[in-house]
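These notes are about the structure you will find just below.
The values are calculated or read from the model by the stated rules, or taken from the named source; none is laboratory data. The structure displayed is predicted, hence computed values, not measured ones. Because the Cβ atoms are built from the backbone with ideal geometry, glycine has one as well, and the counts that use them run over all protein chains shown. Note: accessible area is taken over every heavy atom of the protein model, side chains too, but ligands, DNA and RNA are not part of it. Shrake-Rupley method; radii C 1.70, N 1.55, O 1.52, S 1.80 Å.
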Amino acid sequence: MSESDKAAEEVARLGRRPFLKSLLWGGAAVAAVAGGSFAWLRRSGVDDEPVPDWVRHLHANEYHLMRRLIPALLPVAGTNLTPPEQVPVLRNIDHMMGLLNTTVRKDLAKGLVLMDNAAVVSGWHGKRLVDLEPEAARAYFDTWTRGNRIQRALQGVVKQFIYTSYWREPATWPPVDYDGPVTEEWGLEYLGNAPLPEADQEQSA
Amino acid sequence: MRNVNVPRDGVPVTQAKDVAADPSLGKKFRLRADVVIVGSGGGGSVAAYELAKAGLDVLVLESGRYYPSSRFTEHLGDSMQLIWRDQAGQVNTSADVVFAEGQCMGGSTVIGGCVMQHPPDWVFQRWVDNHGLADLAPEKLAPYFNQVGQEQQVHVNESHEINACAHKVIQGCERMGFSWQPVTRNVKRCALTGHCLAGCPSDRKMSALVTHLPWASAYGARMFADTQVTQVRTRSGRATGVDAVVMDPDSGSEVARMAVDAEVVVVAGGAIQTPMLLQRSQISDPSGQLGKNLAVQPFTQALAEFPEDLHAFRGALVGVQVDEFFDTDGYFFYSGLAEPEQMLAQGYLGAGQDHIDFMKKYKRMAALNAFSIDEGNGEVQWEGDAVNGSKKIKWNPGRSEFENVKRTAALAARIFFSAGASRVYLPTYQHLAVDSVFDLDQTLDQVDYGLNGMYTFRMNSFSAQGTCRMGLDKYAAVVDPDGECHETKGLFVADGSLFPEPMPAPPQWTVQVVAKHIANRILERRDGLFIQGNSA
Ligand SMILES: Cc1cc2nc3c(=O)[nH]c(=O)nc-3n(C[C@H](O)[C@H](O)[C@H](O)COP(=O)(O)OP(=O)(O)OC[C@H]3O[C@@H](n4cnc5c(N)ncnc54)[C@H](O)[C@@H]3O)c2cc1C
């Protein structure tokens with residue numbers, strides 16, 4: 001069996017019972033090691049593309065993956081929603097990555113490698129997730145939504161990162177009628193600290 | 001007669017930047033106090049106020065930052081990053097249940113939903129009967145509930161505080177014949193901004209930040225933020241103080257180490273952090289219950305879509321509760337839809353067009369938060385050394401707990417269908433929505449318990465409790481009826497970890513009441529506790 005066959009076999013095993021039995025992140029780590037061994041299986045054109053200077057926390061492969069997934073997960077064309085390229089979605093994702101604790105960050109890195117590479121065989125797309133057309137990428141997400149615990153967790157994390165980074169931007173709110181901060185706009189009186197309870201006031205008077 | 005002045009706003013708090021700028025403190029410094037309090041949230045702030053008012057020299061140490069309300073942006077994302085523990089990413093070991101907690105001066109009271117509920121008397125009667133907590137009998141606690149109620153300006157929501165979301169819940173309940181009530185909240189002249197979970201910038205929410213902390217400070221309590229207590233020090237079965245690290249809240253780097261000498265240590269870090277502090281301090285625990293009995297009050301959020309625009313995110317966040325199943329099943333439900341980011345945390349995460357369609361309907365949605373009482377079988381564990389170790393929160397639903405969560409989600413969906421919802425999005429990791437009440441059970445049947453109920457329902461816990469349970473028997477409980485650790489004199493616990501049984505109600509009011517009781521017991525036992533004498 002060639003190296004690439006072995007790697008494909010590892011990935012195909014993802015859905016089988018022994019894997020299901022292992023604990024979530026422990027299991028994801030094992031799978032990601034497998035992911036590492038087949039990363040060369042499909043190189044992507046984006047692997048050599050540059051990463052902007054402002055990126056502090058995303059690894060290059062993660063940056064490219066997120067960049068490609070944003071339009072796939074947020075297809076706003078034809079709606080009144082704010083186009084994702086008009087808000088700093090990637091910058092927000094980068095910032096959020098920097099807030100994760102070291103252990104979770106490491107596990108997530110492995111998980112993202114796994115999710116990217118598993119597309120080669122999972123659903124038999126024959127390409128890494130980063131190279132899938134938007135339609136195929138969405139189908140891949142839908143499959144993972146119905147998949148095992150690890151798949152459900154990873155697809156959820158990626159969506160959370162992208163959606164949260166988009167919807168946290170005030171520019172995205174007017175199209176859905178969300179008002180955002182109102183205190184200043186409404187000129188609300190600022191009440192300050194509550195006075196001491198009455199019993200105390202009597203004592204100290 | 002003392003001259004007691006509460007500042008108009010803000011609390012005098014020493015922060016990491018003040019420590020760094022004070023050459024007299026250096027990289028290691030030592031302080032003395034009569035009482036050191038760990039944590040400034042619901043329990044810690046009340047204890048600080050009561051003890052400082054009685055003339056004790058009180059020092060409050062808080063691991064989170066001091067984030068005064070003048071800096072609140074009414075943006076959940078900002079608050080989550082700055083004052084929610086682990087940026088709202090504190091999860092159980094299988095990473096599918098979120099344990100939300102405030103980490104700032106004022107603790108979780110700053111980001112709370114403002115619901116104040118006085119649990120039914122039978123809850124406390126059980127505490128008396130099953131755990132020997134005679135001092136916490138309903139009639140003995142009643143005056144404390146009154147006091148806290150007044151301090152917190154607790155009132156029943158008036159009609160203007162019932163928003164469109166709540167009205168849909170009322171409509172559904174009326175059709176189903178379910179009992180509902182306007183909730184009681186700790187808000188003064190609510191301005192109906194709906195931003196409770198991000199903190200209230202005009203100080204209408206009676207969080208600890210604008211009540212017990214400034215009051216404690218007016219009575220002389222000193223406060224440090226950015227200060228993580230790493231260990232409680234003991235000698236010959238007595239607490240002697242704590243060790244702490246002052247950290248820059250932005251970079252996480254150490255600014256200084258602090259040692260505090262105090263004859264009384266009150267730990268009020270909340271039900272997740274408190275047991276871990278005691279574990280890493282190797283506090284003697286003959287009961288073997290330290291960190292165990294974690295009850296989480298799991299809740300999910302059912303989102304319903306209606307044919308008409310509701311703008312249900314406008315107005316007071318929580319309007320009404322459904323109390324039909326409170327006594328029979330321990331279920332309780334609260335109306336409440338927050339900002340778009342919150343929908344993502346709780347809800348339905350489609351890919352692409354599905355997500356776009358979902359979010360476009362935000363203004364037509366209402367939400368019902370469905371809580372159930374769990375069995376308290378979780379556990380919190382600190383692993384490794386005091387500074388570099390890590391926490392483990394072990395909680396997954398047992399089969400019956402899973403069935404309860406499923407039933408509450410089904411009930412929430414039924415209430416909304418009765419109110420005319422055209423679709424209900426189920427709070428599941430699977431991507432499930434139902435367009436008719438007739439399809440509800442069949443759809444929910446797709447959610448299978450599987451392996452420990454993991455990745456089934458999107459569960460959250462805002463109300464962890466029970467990990468240092470209180471009781472008379474030192475072989476069954478971690479702390480005694482005064483809140484003092486059974487075998488460590490002078491070491492008290494005053495937070496949600498004390499609850500001896502899972503509580504079927506939002507806990508803040510009870511936490512504050514129990515903290516008052518414990519402060520009173522400390523004062524009543526003053527002569528025996530402060531053997532070196534104190535300033536009072
Ligand atoms: C988002 C949210 C909404 C909520 N809404 C409601 C509601 O509507 N009604 C209700 O009744 N309850 C609500 N709760 C729960 C309620 O806020 C808590 O039950 C209550 O505040 C518990 O008080 P506590 O003292 O146990 O803990 P907390 O209020 O959480 O305070 C603990 C404090 O201790 C600090 N700390 C912990 N460890 C250390 C350490 N080692 N060193 C120094 N400091 C430390 C923490 O940073 C924190 O500030 C909500 C909670 C959350 C998170």
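Taking the range B:489-532, which residues are of a type in the set (S, T, N, Q) and within 15 Å of the ligand (Cβ to nearest atom)? Working first, answer last.
Start the filter on the range B:489-532 by keeping residues that are of a type in the set (S, T, N, Q), which leaves B:497, B:508, B:510, B:512, B:520, B:532.
If the condition is that a residue be of a type in the set (S, T, N, Q) and within 15 Å of the ligand (Cβ to nearest atom), then B:Ser497, B:Gln508, B:Thr510, B:Gln512 are the ones that fit.
Considering only residues in the range A:157-178 that are facing another protein chain (nearest Cβ under 7 Å) and touching a Lys or Arg at 6+ places or on another chain (Cβ under 9 Å), the one that is most open to solvent (accessible area, probe 1.4 Å) turns out to be A:Asp177.
List pairs: first in the range B:94-112 and not assigned by TED's automatic domain parsing to the domain that holds B:Ile37 and within 8 Å of the ligand (Cβ to nearest atom), second small (Gly, Ala, Ser) and part of a helix (DSSP H, G or I), Cβ under 6 Å, 6+ apart or cross-chain? Partner pairs satisfying both residue conditions: none exist. Residues that are within 16 Å of the ligand (Cβ to nearest atom), in contact with a Gly (Cβ under 8 Å, 6 or more places away or on another chain) and within 14 Å of another protein chain (Cβ to nearest Cβ): does the range B:128-144 have at least one? No: the range B:128-144 contains no residue that is within 16 Å of the ligand (Cβ to nearest atom), in contact with a Gly (Cβ under 8 Å, 6 or more places away or on another chain) and within 14 Å of another protein chain (Cβ to nearest Cβ). Residues that are surrounded by fewer than 21 Cβ atoms within 10 Å (Cβ to Cβ) and touching a Ser or Thr at 6+ places or on another chain (Cβ under 8 Å) within the range B:14-71 comprise B:Gly55, B:Asp57, listed in sequence order. Scan the range A:73-86 and report the pairs whose first residue is more than 10 Å from every other protein chain (Cβ to nearest Cβ) and whose second residue is not in a loop (DSSP other than H, G, I, E, B), with Cβ atoms within less than 7 Å and a gap of 6+ or a chain change. Correct list of pairs: A:Thr82/A:Ala171; A:Thr82/A:Thr172; A:Thr82/A:Pro175; A:Pro84/A:Ile70; A:Pro84/A:Pro71; A:Pro84/A:Tyr166; A:Gln86/A:Ala171.
Within the range B:188-204, the set of residues being open to solvent by 10 Å² or more (accessible area, probe 1.4 Å) and in contact (Cβ under 8 Å) with a residue 40 or more places away in the chain comprises B:Cys190, B:Leu192, B:Thr193, B:Gly194, B:His195, B:Cys196, B:Leu197, B:Cys200, B:Pro201. Taking the criterion of being open to solvent by less than 20 Å² (accessible area, probe 1.4 Å) and closer than 21 Å to B:Glu524 by Cβ, the residues of the range B:469-481 that qualify are B:Met470, B:Gly471, B:Ala477, B:Val479. Filter the range B:145-169 down to residues that are within 14 Å of another protein chain (Cβ to nearest Cβ) and open to solvent by 60 Å² or more (accessible area, probe 1.4 Å) and give me whichever is farthest from B:Pro307 (Cα to Cα). Ranking the qualifying residues of the range B:145-169, first place goes to B:Gln147.
Filtered by the rule that a residue be of a type outside the set (A, V, I, L, M, F, W, C), open to solvent by less than 10 Å² (accessible area, probe 1.4 Å), out of contact with any Ser or Thr (no Cβ under 7 Å at 6 or more places or on another chain) and farther than 16 Å from A:Asp179 by Cβ, the range B:337-373 gives B:Gly347, B:Gly350, B:Gly352, B:His355.
All of B:Ala412, B:Ala421 fail the test of being part of a helix (DSSP H, G or I) and either away from chain A (no Cβ under 11 Å) or of a type in the set (A, V, I, L, M) (or both), apart from B:Ala412. Please go through the range B:183-221 and give me each residue that is away from the ligand (no atom under 14 Å from the Cβ) and either on the phi > 0 side of the Ramachandran plot or in a strand (DSSP E or B) (or both), ordered by number. Of everything in the range B:183-221, those that are away from the ligand (no atom under 14 Å from the Cβ) and either on the phi > 0 side of the Ramachandran plot or in a strand (DSSP E or B) (or both) turn out to be B:Arg189, B:Leu192, B:Asp203, B:Gly220. Applying the set (1) under 20 Å from B:Phe417 (Cα atoms); (2) within 12 Å of the ligand (Cβ to nearest atom); (3) not basic (Lys, Arg) to B:Gln301 leaves exactly one unmet item: (2).
Quick check: is even one residue across the range B:388-410 in contact with a helix residue (DSSP H, G or I) (Cβ under 6 Å, 6 or more places away or on another chain) and polar (S, T, N, Q)? Within the range B:388-410, none of the residues are in contact with a helix residue (DSSP H, G or I) (Cβ under 6 Å, 6 or more places away or on another chain) and polar (S, T, N, Q).
Considered as a group, the residues in the range B:80-91 that are more than 7 Å from chain A (Cβ to nearest Cβ) and under 17 Å from B:Gly199 (Cβ atoms) include one that is least open to solvent (accessible area, probe 1.4 Å), and that residue is B:Ile83. Scan the range B:25-34 and tell me whether some residue there is within 14 Å of chain A (Cβ to nearest Cβ) and touching a residue at least 24 places away in the same chain (Cβ under 8 Å). Checked against the condition, which is being within 14 Å of chain A (Cβ to nearest Cβ) and touching a residue at least 24 places away in the same chain (Cβ under 8 Å), the range B:25-34 yields no hits at all.
Meeting the requirement of 1 or more residues that are of a type in the set (A, V, I, L, M), the strands (runs of 3 or more DSSP E) wholly within the range B:269-367 are B:299-305, B:320-322. Against the test of being open to solvent by less than 30 Å² (accessible area, probe 1.4 Å), more than 16 Å from the ligand (Cβ to nearest atom), within 14 Å of chain A (Cβ to nearest Cβ) and over 17 Å from B:Phe124 (Cβ atoms), the options B:Val447, B:Val434 yield a single qualifying residue, B:Val447.
The set of residues in the range B:92-116 that are within 14 Å of chain A (Cβ to nearest Cβ), out of contact with any strand residue (DSSP E or B) (no Cβ under 6 Å at 6 or more places or on another chain) and either surrounded by fewer than 22 Cβ atoms within 10 Å (Cβ to Cβ) or modelled with pLDDT of 95 or more (or both) comprises B:Ser94, B:Ala95, B:Gln103, B:Met105, B:Gly106, B:Thr109.
B:Val264 meets each of the listed conditions (1) under 21 Å from B:Gly43 (Cβ atoms); (2) under 22 Å from the mean Cα position of the chain (by Cα) apart from (2).
Where in the range B:28-77 are the strands (runs of 3 or more DSSP E), entirely inside, with at least 2 residues that are over 27 Å from B:Gln150 (Cα atoms)? Break it down stepwise before answering.
On the way: elements: B:28-32, B:35-38, B:58-61.
It comes to B:28-32.
What are the pairs, 6+ residues apart or on separate chains, where a residue within the range B:144-167 that is of a type in the set (Asp, Glu) has its Cβ under 8 Å from a residue that is open to solvent by less than 80 Å² (accessible area, probe 1.4 Å) and assigned to a helix (DSSP H, G or I)? Short answer, once both residue conditions are applied: B:Glu151/B:His212. If the condition is being closer than 10 Å to B:Pro500 by Cα and either under 24 Å from the mean Cα position of the chain (by Cα) or surrounded by 15 or more Cβ atoms within 10 Å (Cβ to Cβ) (or both), then the range B:129-138 contributes B:His131, B:Leu133. Quick one: is B:Gly77 open to solvent by less than 10 Å² (accessible area, probe 1.4 Å) and either more than 11 Å from the ligand (Cβ to nearest atom) or in the same structural domain as B:Ile522 (by TED's automatic domain parsing) (or both)? When the stated conditions are applied, B:Gly77 passes them.
For the range B:249-289, a residue qualifies if it is open to solvent by 50 Å² or more (accessible area, probe 1.4 Å) and either within 10 Å of the ligand (Cβ to nearest atom) or acidic (Asp, Glu) (or both), and the qualifying residues are B:Asp250, B:Glu254.
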